[in-house]
Amino acid sequence: MSDKIKYTRKGDVAVLRIQNPPVNALSHAVREGLVAGMAQAEADVGVKAVLIVGEGRAFIAGADITEFGKTPLEPYLPDVCKRVEASPLIVVASMHGVSLGGGLEIALSAHYRVAQPSARVGLPEVHLGLIPGAGATQRLPRLVGVDASLDLITTGRQVKADEALKLGIIDKVAEGDPEEVGLAYAESLIADAAPRRAVSEMPAPEPIDWDASYDGTLKKGRGQISPAQAVRAVQAASELPFDEGMLAERKMFMDLMETDQRQGMIHAFFSERAVGNLPELKGVEPRALQSIGIIGGGTMGAGIATAALLAGFNVILIEMTPDAAEAARGRIAGNLSGALKRGKITQMKFDAMTTTALEVSINYDSLALVDLVIEAVFEDMGVKKEVFGKLDAVCKPGAILASNTSYLDIDEIAASTSRPADVIGLHFFSPAHIMKLLEVVVADKTAPEVVATGFALGKALNKISVRAGVCDGFIGNRILATYRTAADHMVLDGASPYQIDKALVDFGFAMGPFAVGDLAGLDIGWATRKRKAATRHPAERVPTYPDKICEAGNFGQKTGKGFYIYEKGTRGSVPNPEVPELIAAERTELGITPRDFTDAEITRRYMAAMVNEAARLLGEGIAKRPLDIDMVLLFGYGFPRYWGGPMKWADLQGLPAVLADIESYAKEDAWFWEPAPLLKQLVVEGRSFDDLNKDAAK
Ligand code: 3HC
Ligand code: NAI
């Protein structure tokens, strides 16, 4: 018997207790132990039922993801499930915490299922680029029908016990110690002479229009293939005998295991967990955080205040005038009423958050006792310095002074105070109460416990926090500026903004760069171009037609017109006919004969620019690990999760191929396309970005 399964006999019931912390993943030893445990129970004279229960915080979180990509070892999970289901004894699963993926598949192989009210079940394999591979696509439709199965399998959505009971996934909800609850249920089944009940022996589910479901799912997945594959697997459940359906599912699962998408999504899964785990912060205690001050209650300040209130902090927000302060309160209440409508908070919480937990003021003295202040005033160094001067004067010693600046130099801001070690950048993304990304910008003199507090705040606000160093735009906006420039160059040379947006949406981005510009406000890029004009390198190619769009008062969505036209009731997919005219005029002025670009070339150039700038940032130490960059792009810039992030994408292409692209583009524009030294070095050494992640984890 494996040491991962504890076998005990309780009266007529044999208990198989899974002990594989932290989440009872179905590692090789667990699979072996379950098979051995079933055999032991069946050989144990007098045993009438087997209870499978998990120790610790979950029943079973699924297959052991760390084993993916390695040679699979017997017994394979589908065979373990088959072994459990085939038992002549009654098998009961008592579920608590999560039962996910292979964990739910084990439960579906049991003959009866009981769960705690707080338990959640789900089939999240699609989030790993896979489909369930141990029978869920064959058993679940037999148990709950095709519609409910497709909903769960194609979305990876987790459902709570009450919904699982309604759907028929579980038989009973009961509260108490999971083993006690399971034993009571097993004993009642024995007393009632309940039959052995194998889901695989239930009738096949009714068919639906499979092709329509497949096409619809593929479209919704924006290029992700596994959800659509799941439809085909469920189709097999409806059309094939159980054993053949199982073989069909296994083949699809193994095929998906070989894909780049599976690698990308598993990279995302582990990076999401590694990103907040900074070697430099080992053993560093964050400072206490209870109350937060916010300066400026515009778009960002109000969003940050909302996020802080939702996380249970007390917030004091400072504005310039009483009217502005009240307007900020209104914005925050508006954000919170969204959360109320979506059922995220109760009316009582809403009332508390908009009254007792929130204070708006025009008086900086109110900040005397707060633990941390986040400044979100206009993007202007003079204004920021003035604000930090006031904060320096009123805040208690040890209070952390943070700026939400998008581009400005945090070192310079810190130097304007008497306590630079307490100054940090906390760069939120708009809307700040919704977007998951937080860049924690570490300045030269920022103290380690201040950095640790930034990460602690990110965790409390349920953000993905990424460490960044100081430079113009930090990680995300600096890389954005470069790939956006690559797009601008393609427009000058012959591509249309609409073709570029479409090619990149087809690649998997949530939006193309020109649609993003319209959403963020074209005035922002216009201001940046003006700011940078004085220090621009003479070889830099900067288009002027976007300035002309702005000069005409068109800033994108907020003015109803930009690259696209936004009319009430439409979603902005109508190109603005003035834009191609402006572009054509600029090409003529510059003597450029437009050429055609394929969608594939557009994507490769855009990605090459992104990877090259990212490699430069890594080389400069602005980002410490490639995975940090991947998480910034995934959580702040709509990068397709199934590619894992730009660095993972580059690894999957092979770094020599990416470098070869960059070198070929450099023949047209040596200044813009100068290869990053780190990229060249990795190619020479035959190493990947992921090797750098591994080095950092050592
Ligand atoms: N395999 C291996 N390790 C796993 C794991 C798994 N299935 N699930 C979680 N872990 C690890 C995490 O990497 C983390 O490790 P770390 O401490 O070294 O960083 C640790 O367990 C704790 O995980 P979290 O930090 O995520 O803890 P939470 O309590 O926040 O969340 C969870 C727990 C809900 C289980 C979450 O980890 C999760 O969603 N896990 C993935 C579940 C999943 O995708 N299951 C399906 C697997 S594929 C499958 O089953 C295929 C089958 O159909 C054949
Ligand atoms: P905004 O213009 O919507 O809000 C700024 C607010 O600050 C205004 O309400 C103004 O009254 C207030 N303010 C100005 N000076 C003040 C002072 N001395 N004391 C108190 N309040 C003052 O600007 P937004 O968009 O919220 O941006 C704020 C900061 O956040 C900027 O540094 C910006 O670069 C950054 N940022 C903006 C993002 C965005 O998408 N809008 C994203 C991430 C960062």
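A few points about this structure:
- Calculated over segment 222-324, the projected area of the Cα convex hull averaged across directions stands at 12.9 nm².
- Toward the positive end of the charge dipole of segment 428-568, with +1 on the Cβ of Lys and Arg and -1 on the Cβ of Asp and Glu, the farthest Cα among Ala447, Ser496, Asn477 is that of Ala447.
- Per principal axis, descending, Cα span of segment 1-140 in whole Å: 44, 36, 29
- Gyration tensor verdict on segment 5-261 (Cα atoms; rounded if a/c is under 1.5, prolate if a/b is larger than b/c, oblate otherwise): prolate
- Angle between the chain longest axis and helix 497-507 axis [Cα atoms, degrees, rounded to 10]: 20
- Taking the Cα centre of the chain as reference, the dipole from Cβ charges on Lys and Arg (+1) and Asp and Glu (-1) amounts to some 800 debye.
- Backbone phi angles across segment 50-67, fed through the Karplus curve with coefficients 6.51, -1.76 and 1.60 (θ = phi - 60°), yield HN-Hα couplings of 10, 10, 9, 9, x, 9, x, 8, 9, 5, 8, 7, x, 4, 7, 5, 5, 8 Hz in residue order; Gly and Pro are listed as x.
- Antiparallel DSSP beta bridges within the chain, as percent of all bridges there, nearest 5: 25
- Each peptide in 19-27, 198-206 receives the mean, over its residues, of other Cβ atoms within 10 Å, and ordering these scores from highest gives 19-27, 198-206.
- Selection from Pro397, Pro543, Ala107 lying farthest towards where the dipole of the chain points positive, charges on Cβ: Pro397
- Tilt relative to the chain, helix 655-666 - C-alpha long axis, 0 to 90 degrees, to 10: 20
- In Å, descending, principal axis extents of the Cα set of segment 289-470: 44, 33, 26
- Overall dimensions of segment 49-89 as given by Cα atoms, namely Rg and Dmax in Å: 12.7, 36
- Helix-derived mean residue ellipticity, 222 nm - over the chain, DSSP H n ≥ 4, -39500 (n - 2.57), to 500: -15000 deg cm²/dmol
- Among 188-196, 459-467, 424-432, the peptide with the highest mean count of other Cβ atoms within 10 Å heads the list, and the full ranking is 424-432, 459-467, 188-196.
- Helix 476-493 and the long axis of the chain differ in direction by around 70°, with both axes built from C-alpha atoms.
- Cα gyration tensor category, rounded, prolate or oblate, for segment 495-594 with a/c compared to 1.5: prolate
- Taking a Cβ cut-off of under 13 Å around Val387, the surrounding Lys, Arg, Asp and Glu residues balance to a net charge of -3, with basic ones at +1 and acidic ones at -1.
- A cut-off of 5 Å between modelled amide H atoms, ignoring neighbours fewer than 5 places along the same chain, links Lys561 with Phe555, Gly556, Tyr566.
- Anisotropy class assigned to segment 560-698 is oblate, per the alpha carbon gyration tensor with a/c at or over the 1.5 cut-off and a/b no larger than b/c.
- The alpha-carbon atoms of the chain, seen along their principal axes, cover 87, 61, 53 angstrom, with the largest extent given first.
- Charged neighbours of Ala305, selected by a Cβ distance under 10 Å, balance to +2 (K, R count +1; D, E count -1).
- Cβ-based net charge around Ala161, under 12 Å, with every Lys or Arg adding one and every Asp or Glu removing one: +1
- Taking amide H as placed 1.01 Å from N in the peptide plane, Ala63 has its amide H under 5 Å from the amide H of Leu26, Gly102, Gly103, each at least 5 places away in sequence or on another chain.
- Each peptide in 154-163, 449-458 gets a packing score, the mean of other Cβ atoms within 10 Å over its residues, and the list from highest to lowest is 449-458, 154-163.
Readers should treat all values here as calculations from the given coordinates under stated rules, not as data from a laboratory. This structure is a prediction, so every number in the text was calculated from the model and none was measured. Virtual Cβ from ideal backbone geometry, glycine too; neighbours counted across all protein chains shown.
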